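Asks: Got a structure for you, written out below as structure tokens; questions coming shortly.
The values are calculated or read from the model by the stated rules, or taken from the named source; none is laboratory data. On a predicted model such as this, the values are computed, not experimentally measured, just so you know. Glycine also receives a Cβ, built like all others from the backbone with ideal geometry; neighbour counts cover every protein chain displayed. The area values use the complete protein model at the heavy-atom level, side chains included, leaving out ligands, DNA and RNA. Shrake-Rupley method; radii C 1.70, N 1.55, O 1.52, S 1.80 Å.
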Amino acid sequence: MKFKALVVDIDGTITCKNRELHLGAVKKIRSLKIPVVLATGNILCYARTTSRLIGLDGAVIAENGGAITVRYDLNGTFEESLEECEKAFSFLSGHFKLTKLDPMYRKTEIALRRNFDLEKARALLDTQNFDVEMVDTKYAIHIKSTRINKGVGLQKLAEMMGLEAEDFVAIGDSANDAEMFEVSGFGIAVANGDEIIKEAANYVTEASFGDGAIEAIEFLESNGWI
């Protein structure tokens, strides 16, 4: 078993607990001889900047799969999904005081501050006919299209790179990484990950956050899989 590329979540996976980039994880990623893709629920410019800081080629999946790009010199590809998310937001705003995060930069979904009752909001959405879902990444609550996720984003980006999603090992920590694990060839959850992502993983590290990412990569190297 040999994998051709790596796809890695950012926040909670290659960061420290305080969301600073984990320098040890960055160093480890830089040492790899295979392509590394960053996949995040955050905005595209954040993903691109992090890729640049690490020293990667700029292939990123942002906004939970809604925005992707394969290189720095190419514009991002965006899904047409924001209108439905806005309708859901407008409906929920009649029940909760909601705060958008990065509204000027998000093109495919809406991210909200985590200061309202998510389960109640989900129950209210179930009474409507919106084609959206709400995902809690532990850093924000995302209103996103049900057609879009990191797994779909990985499949599209892999094709652009001349690869299959199964050629990738995925490393992550949140519920929004689950679909990415499903389509990749192998999924690794860091120890601080949600229970749902640990259940979806093929391997769970003993270490947390960036230390867990280092452990994951060393596990792959020791088995000769990358």
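Asks: Pull out a ≥ b ≥ c, the square roots of the eigenvalues of the alpha-carbon gyration tensor of region 178-226, then state rounded if a/c is under 1.5, prolate if not and a/b is larger than b/c, and oblate in the remaining case. Working shown, then result.
Replies: Working: a/c = 2.38, a/b = 1.15, b/c = 2.07.
Oblate shape, in that a/c is at least 1.5 and b/c is the bigger or equal ratio.
Asks: Highest mean first, how do 68-80, 183-195 rank when packing is the count of other Cβ atoms within 10 Å averaged over residues? Please list the in-between numbers first.
Replies: Numbers: 68-80: 15.5, 183-195: 22.5.
Top of the packing list down: 183-195, 68-80.
Asks: Please list 169-176, 127-134, 83-90 highest first by mean number of surrounding beta-carbon atoms within 10 Å per residue. Please list the in-between numbers first.
Replies: Details: 169-176: 27.9, 127-134: 13.9, 83-90: 16.0.
Output ranking for 169-176, 127-134, 83-90: 169-176, 83-90, 127-134.
Asks: For the chain, rounded, prolate or oblate, judged on the Cα gyration tensor with a ≥ b ≥ c (square roots of eigenvalues), a/c < 1.5 rounded, else prolate if a/b > b/c?
Replies: Values: a/c = 1.85, a/b = 1.59, b/c = 1.16.
Taking the square roots of the gyration eigenvalues as a ≥ b ≥ c, the chain is prolate.
Asks: Next question. How far apart, in nm, are the 7 Å Cα→Cβ label points at residue 195 and residue 119?
Replies: For residue 195 paired with residue 119, the spin-label model returns 1.2 nm.
Asks: Give the shape of region 96-161 as rounded, prolate or oblate, defined through the alpha-carbon gyration tensor: a ≥ b ≥ c are the square roots of its eigenvalues, a/c under 1.5 means rounded, and otherwise the shape is prolate if a/b is larger than b/c and oblate if not.
Replies: Details: a/c = 2.34, a/b = 1.60, b/c = 1.46.
Prolate, since a/c reaches 1.5 and a/b exceeds b/c.
Asks: On to the next question. Can you compute the equivalent ellipsoid semi-axes for region 139-226, i.e. the square root of 5 times each eigenvalue of the Cα gyration tensor, sorted largest first and rounded to whole Å? Provide the component values of the computation, followed by the final result.
Replies: Numbers: eigenvalues 88, 67, 17 Å².
Square roots of five times the eigenvalues give 21, 18, 9 Å.
Asks: So how long is each side of region 7-88 along the principal axes, counting just the alpha-carbon atoms, biggest first, in Å?
Replies: Principal-axis extents of region 7-88 (Cα, largest first): 43, 30, 16 Å.
Asks: With the full set of protein chains in place, find how many percent of the accessible area of the chain is carbon and sulfur; take the probe as 1.4 Å.
Replies: Working: 4970 of 10350 Å².
Heavy-atom surface of the chain belonging to carbon and sulfur, 1.4 Å probe: 48 percent.
Asks: Let me ask something additional. What is the distance in Å between the Cα centroid of region 122-154 and that of region 204-221?
Replies: 28
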